[in-house]
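Enquirer: Pasting a structure below so you can have a look.
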Amino acid sequence: MDRLKRRANLLYRLRRKGVRCHTKKRLIFIPCGEDPSRYKQAVKLCHEYNFVVQFFLT
């Protein structure tokens, strides 16, 4: 239960920064040219919950 709450909290904080996330496919969409390590929550989601960063053109 604590693990699910932690993941939900990380996703919430990341979405507040304007980053799109697709939880079923475990994708994090970051605009092309930005450094993904700038978002601490994205790094934690990748390491702990096997999320993948996907760059997209704006």
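Enquirer: Pairs of Cα atoms under 8 Å, at least six residues apart: use those to get the relative contact order of the chain, whole percent.
Expert: Dividing the mean separation by the residue count of the chain yields 34 percent.
Enquirer: Let me ask something else about it. Step through the residues of region 47-58 one at a time and calculate ³J(HN,Hα) from phi using the Karplus curve (6.51 cos²θ - 1.76 cosθ + 1.60, θ = phi - 60°), rounding each to whole Hz and writing x for Gly and Pro.
Expert: 6, 8, 10, 6, 7, 10, 8, 10, 8, 9, 7, 10
Enquirer: Also, quick follow-up: Only four residue types carry charge here, +1 at the Cβ of Lys and Arg and -1 at the Cβ of Asp and Glu. Report the dipole size of the chain about the Cα centre in Debye, rounded to the nearest 20.
Expert: On the way: 15 positive and 4 negative charges, 66 e Å.
In debye, rounded to 20, the chain gives about 320.
Enquirer: Could you give the accessible area per residue of the chain, probe 1.4 Å, as a whole number in Å²?
Expert: 78
Enquirer: Give me the mean projected area, in nm² to one decimal, of the convex hull enclosing the Cα positions of the chain.
Expert: For the Cα atoms of the chain, the hull's average projected area reads 3.7 nm².
Enquirer: What number, rounded to the nearest 500 deg cm²/dmol, is the helix-based mean residue ellipticity at 222 nm of the chain, given -39500 (n - 2.57) per DSSP H run of at least four residues and division by all its residues?
Expert: It lands at -13500 deg cm²/dmol.
Enquirer: Another question about this same structure. So for the chain: antiparallel DSSP bridges make up what percent, rounded to the nearest 5?
Expert: If we restrict to bridges inside the chain, about 40 percent are antiparallel.
Enquirer: Additional query: Percent of accessible area on the chain owned by carbon and sulfur, 1.4 Å probe?
Expert: 51
Enquirer: Counting pairs on different chains as well as pairs 8 or more places apart, how many Lys pairs in the chain have Cα atoms under 18 Å apart?
Expert: Close lysine pairs under the 18 Å cut-off: 7.
Enquirer: Could you tell me which residue out of ALA42, LEU4, LEU14 lies farthest along the dipole of the chain toward its positive end? Charges go on the beta carbon: Lys and Arg +1, Asp and Glu -1, centred on the Cα centre.
Expert: So the residue we want is LEU4.
The values are calculated or read from the model by the stated rules, or taken from the named source; none is laboratory data. No experiment lies behind these values; they were computed from the predicted model shown. Neighbour counts are summed over all protein chains in view; Cβ atoms, including those assigned to glycine, are modelled from backbone coordinates with ideal geometry. The accessibility values were calculated without ligands, DNA or RNA, using every heavy atom of the protein model including side chains. Shrake-Rupley method; radii C 1.70, N 1.55, O 1.52, S 1.80 Å.
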